[in-house]
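Let me begin by presenting the structure, written as structure tokens, before commenting on it.
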Amino acid sequence: MADAERSEELKELFWKELKGSPFVMIGLQGVEDSRTRPWTAQVNWQDEDELKHGGDIYFFGAKSEAIVKGLAENNRVVCTYASKGHGLFASIHGTLSLVEDRALIEKFWNPIIASWYKGGKDDPDLALLRLDTSKAEIWKAEAGSTLVAAALKLLGRDPGKDHEHKNQAEVAL
């Protein structure tokens, strides 16, 4: 499979898996409290064309949270993803920014988000963040790959070299 085809396939698989399990870990680079924390991705799933060319990923958070406060110091972010069945993994780099867009808040608002904010959509602690990706690396895990790697090792071959790019690609989200 050509690199471009593999990249497209993995990008499409990423969006499909993220839709089924929208939970990621996010941390800011180079800030005092750089621990990653779980966040729930909000994506415009209705616009499939947008997702093919790179969809925006949004997150609701609290202005009082360390990551939101840390944006003043550095907005460079690393975001990691593992699909529900651990068949796909991603490392996403980019910038995180605060978005003041009432229409987007309305669009993504739901009862689960509402349960976190006493003041609802007008809660003074409510923040909407957008992840602008600069690059993403996606890995697809295949059943039996550990056994294949062990067999290759026994034959004196480097399993990392044999599978180096077969199920991995750097893509633009």
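Out of everything in segment 71-127 that is of a type in the set (Val, Ile, Thr) and either in contact with a Leu (Cβ under 6 Å, 6 or more places away or on another chain) or not in a strand (DSSP E or B) (or both), what residue ends up being surrounded by the fewest Cβ atoms within 10 Å (Cβ to Cβ)?
Ile112
Specify the residue that is farthest from Met25 (Cα to Cα); the eligible residues are those in segment 43-70 that are at pLDDT below 95, surrounded by 19 or more Cβ atoms within 10 Å (Cβ to Cβ) and touching a Lys or Arg at 6+ places or on another chain (Cβ under 9 Å).
Leu51
Looking at segment 1-26 only, could you name the residues that are aliphatic (A, V, I, L, M) and at pLDDT below 95?
Met1, Ala2, Ala4, Leu10, Leu13, Leu18
Regarding segment 118-129, can at least one residue be identified that is touching a helix residue (DSSP H, G or I) at 6+ places or on another chain (Cβ under 7 Å) and closer than 16 Å to Glu17 by Cα?
no
The values are calculated or read from the model by the stated rules, or taken from the named source; none is laboratory data. Quick caveat, the model's predicted, so the values are computed rather than measured. Neighbour counts are summed over all protein chains in view; Cβ atoms, including those assigned to glycine, are modelled from backbone coordinates with ideal geometry.
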